[in-house]
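First comes the structure, then the notes that go with it.
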Amino acid sequence: MIMRPDDLKDLASLSAKIGSDPMLVQGAGGNTSIKDGDVMWIKASGTLLADALRHEIFVACDLPAMRASLAKGEARADQPMEFALAKDGLRPSIETSLHGVFPQRVVLHVHCIHTLVHAVQADPVAAIGAKLNGFNWAVVPYAKPGASLAVQVRGAVETGCDVIVLGNHGVIVAADTVIAAGDLLQNVAEALRVDAVSLQAEKMCDLPSGWTAGPASLSHVACAPALLSMATGGSLYPDHVIFCGMGALACDVLPVGDSPPFVLIPGKGAAMRADATPGAWALAQCLGDVLIRMPEDAVLNYLTLQQNGELLDWDAEKYRQALNG
């Protein structure tokens, strides 16, 4: 039997708190972990951090084996289930290797709205400026979540960084205790805080059958030409692609039949499909929450068609989406 570290319950409490804050985590996004000797306990793919006190969401992994596989550049380093100590349960997070490259015991990875405002810009370092002075931080360019991203992050970790802003993705922080990691995350989020604009759009009404009013922040985006242009320019981060599809559709008349989970109606607001999943709702609001904090003259970095395709055709993400459906 695998012994659980005493502070795993503390990580569960922190995870539930983090996962219940849409400014930090949306839907099944984000993951947390804790190391105990040769075992790393990490959130399972497709589970919700918000459920950490209600359900079992952590999976035990063979940390030395995972690190050795990553160091050798083996293909199995991108298959977290290879390192799960129990083969008949939930899969470890697709970002297990990302957590494993940190020497610190506790690692928190979230899709913080305030971080995303900076991380999706063409020059995240310039966008952050002096906001993270006093932190040991670095920016790592976008890479598909998994081993390739972990290798890039490992390079920054080896220079002493314990705060990594992931381009077009989010932020990851590490510390030796649950309390210290939670405090570090809170301090980073506060340092990167960006105030939202005052929302102008009114709630949409009289929508046709099958549609309902979307999040208020996204409706504001539909009514602000500069922000609408940003929203329809392409995909800004992986979870949007997984739960909402590529980019965002803007049109004057709601489509009939097959359509994305949400549609932006220029000058009017955002409409959601009535059958949209909770994940789609969470990521639709995320897009609105990010863009209502974005400088109107910001230049954004969008995922390429190839990067979009990698995510849409990825078995690990199909699994996570199915669990969150």
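The values are calculated or read from the model by the stated rules, or taken from the named source; none is laboratory data. Please read these numbers as outputs of a predicted model, since none were measured by experiment. Note that each Cβ is placed from the backbone with ideal geometry, even for glycine, and that neighbours are counted across all protein chains shown.
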Return the total of residues in the stretch 34-49 being under 16 Å from S13 (Cα atoms) and not aliphatic (A, V, I, L, M).
3
Out of all the residues in the stretch 192-215, is one or more free of Cβ contacts under 8 Å to residues at least 24 places away in the same chain, surrounded by fewer than 19 Cβ atoms within 10 Å (Cβ to Cβ), at positive phi and not assigned by TED's automatic domain parsing to the domain that holds M246?
yes
What do you reckon, is L132 in the same structural domain as V173 (by TED's automatic domain parsing) and either crowded, with 22+ Cβ neighbours inside 10 Å or closer than 30 Å to P295 by Cβ (or both)?
yes
Please enumerate the residues belonging to the stretch 135-159 that are in a helix (DSSP H, G or I), farther than 15 Å from V107 by Cβ and of a type outside the set (A, V, I, L, M, F, W, C).
S148, Q152, G155
Within the stretch 268-285, can one find any residue that is surrounded by fewer than 17 Cβ atoms within 10 Å (Cβ to Cβ), within 21 Å of L199 (Cα to Cα) and not aliphatic (A, V, I, L, M)?
yes
Considering only the stretch 161-177, I want to know if a residue exists there that is closer than 25 Å to P5 by Cβ, assigned to a helix (DSSP H, G or I) and modelled with pLDDT of 95 or more.
no
I need the full set of residues from the stretch 143-166 which are surrounded by 21 or more Cβ atoms within 10 Å (Cβ to Cβ) and within 17 Å of L236 (Cα to Cα), in order please.
P145, L149, V165, L166
Complete set of residues in the stretch 168-191 that are of a type outside the set (V, I, T) and surrounded by fewer than 22 Cβ atoms within 10 Å (Cβ to Cβ):
A175, D176, A180, D183, L184, Q186, N187, A189, E190, A191
Between a residue in the stretch 221-249 that is among the aromatic types (F, W, Y) and any residue that is part of a helix (DSSP H, G or I), which pairs come within a Cβ distance under 7 Å, given they are 6 or more apart or on different chains?
Y237/L116; F243/G279; F243/A280; F243/L283; F243/Q321
For the stretch 79-115, which residues satisfy the criterion of being surrounded by fewer than 24 Cβ atoms within 10 Å (Cβ to Cβ), touching a residue at least 60 places away in the same chain (Cβ under 8 Å), within 21 Å of G46 (Cβ to Cβ) and touching a Lys or Arg at 6+ places or on another chain (Cβ under 9 Å)?
R91
Just to be sure, is Q26 touching a Cys at 6+ places or on another chain (Cβ under 7 Å) and either touching a residue at least 40 places away in the same chain (Cβ under 8 Å) or surrounded by fewer than 16 Cβ atoms within 10 Å (Cβ to Cβ) (or both)?
yes
I'd like to know if the stretch 119-141 contains one or more residues that are under 25 Å from A12 (Cα atoms), at pLDDT 95 or above and touching a helix residue (DSSP H, G or I) at 6+ places or on another chain (Cβ under 9 Å).
no
